[in-house]
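First comes the structure, then the notes that go with it.
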Amino acid sequence: MILCLYLLMILIVGATRMGKTFGVIDKLTHETRKILALDPQDSLSRRFFQHHICGGSTKRILYDQLRRTDRAPGFISLWESEHTDPLQRLRENDYERSLIAEPLYGRRSLDGVSRPRIAEYTDEALKVIQFQNAYAPLFWLPFAIQPHLPDFEFLLRHCTHQETVDRLQSLAKLSPGQLRNEVSPTLRLLEPACRDPAFISRCGTLHCDDLINRYDTLIVEGSGATDQTIEIVLQLWTYKAIQYVERHKRSLVLVIDEAANWNLITKDLLRAVATLEKYGFELILITQSLSIVSSEIRVTLFQNARRVECYRVGSLEDARLMSGIFGALQYDPDSSGGVSGQGKMLIQELMTLPVGTRYVREQGHVFKEQSPILKDSYAWPGISEHMMQDAIQNIIQGADYQTPKYCTPASVRGRQRGSNADESSWRG
Ligand SMILES: Nc1ncnc2c1ncn2[C@@H]1O[C@H](COP(=O)(O)OP(=O)(O)O)[C@@H](O)[C@H]1O
Ligand SMILES: [Mg+2]
């Protein structure tokens, strides 16, 4: 499907270290709407945060550095829908599970033979966590398909979805060899995330919705976490941002740095921009390259971005794609390649632009400009770094941050002698 609307979307393309990230910070610091900034690395988040605090901002800021496992907001969870209509409930429950399952699969090309089985067991394990009569953190997923562990029995005893319980109980009847065959591929998918301290420490009972509501600026910084955790957490946030705007009909600016490299430009996201524009939802996508996204997504991006910015690009393929955007790829019957002399010059220029210089297409106009110079807020960079560390220490003492502790279903529920474990007990 190709969306043909004039969307509130800014697309920023350019090779690494060409000034893409610095180029948006100036815009963000003047933004009055709520901002959710997703940064798989740390350049956007650090700089943006620094400018916030050095500019004396009084906004409420949530700053989550995924590598931190001492204090973290616990927002990764799987909720059971409370909708009164059974069909709506079914739909919402399925959707919640898919939000976790999709980034778990990521771009890994699961081979044809094991794929259906992996999808099936992943979904059954997710159901065990979703339909519990006690709180179960999401990192317990792998226990749901390992019948030889005491944790399996604990989880299934509290699972309210009988079909799933029956289906998984049948695993207990398999021989060790059969069991390995059956569930190993799924375990290989689930375990890296569920054993990652960064993922574990973010499992909790906070609603992303409430968090977005409570803060003016939310920054999620991936640097230092595993690729899979970064992908899961950031994808989850993009969907939660969409849900937030849908539910509350409030404006939000969603900024995603290095979006294509981290698989964060999804069709759902682009569709959301179209439907949520009326509430003031704006998307800013920053990416190194567009030759790595599917041509369908690329067309949607090009046709719908209100503003396209192009810094120096790193490949001929990208230079060609971008020069098309700036209108210079006219067909020239005299040249065999079909690219006019003007087009060739633009391609060359796009590959040699100096740092901070960008080509822009906005509302039908094409022009070249220099992005505003971003100065360090203090003469000595050390001071801003020091202030920033202080500010982070302050922020992470907030009530929305927990001090996580690892535990298993058996350890929690054993301590409670089989009674319902609640959220406080798993935190220890
Ligand atoms: N507008 C700017 N003001 C000041 N310095 C800049 C600006 N644009 C780029 N730079 C310099 O270039 C470096 C790379 O910029 P960055 O935005 O991080 O690149 P990218 O996001 O394209 O990888 C920065 O660390 C900074 O030193
Ligand atoms: Mg960058």
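The values are calculated or read from the model by the stated rules, or taken from the named source; none is laboratory data. Bear in mind the structure is a predicted one, so any value in this text is a computation, not a measurement. For neighbour counting, all protein chains shown are included, and Cβ atoms are generated from backbone atoms with ideal geometry for every residue, glycine included.
Considering only helices (runs of 4 or more DSSP H) fully contained in region 1-110, which possess at least 1 residues that are more than 16 Å from ligand 1 (Cβ to nearest atom), farther than 22 Å from Leu252 by Cα and within 21 Å of the chain's Cα centre (by Cα)?
Values: elements: 20-29, 43-54, 86-105.
It comes to 86-105.
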Consider Ser295 carefully, then state whether it is hydroxyl-bearing (Ser, Thr, Tyr), over 22 Å from Gly19 (Cβ atoms) and free of Cβ contacts under 8 Å to residues at least 24 places away in the same chain.
yes
Of the residues in region 15-70, those that are within 14 Å of ligand 2 (Cβ to nearest atom) and at positive phi come to Arg17, Gly19
Log entry, pairs with first residue in region 366-390 being closer than 13 Å to Gln50 by Cα and within 14 Å of ligand 1 (Cβ to nearest atom), second being among the aromatic types (Phe, Trp, Tyr) and modelled with pLDDT of 85 or more, beta carbons closer than 7 Å, six or more apart or on different chains, reads Leu374/Phe22
Residue hits (region 239-258; touching a residue at least 40 places away in the same chain (Cβ under 8 Å) and in a loop (DSSP other than H, G, I, E, B)) are Arg250, Ser251, Asp257, Glu258
Among residues of region 44-68 being surrounded by fewer than 18 Cβ atoms within 10 Å (Cβ to Cβ) and under 25 Å from Gln235 (Cβ atoms), the residue modelled with the lowest pLDDT is Arg60
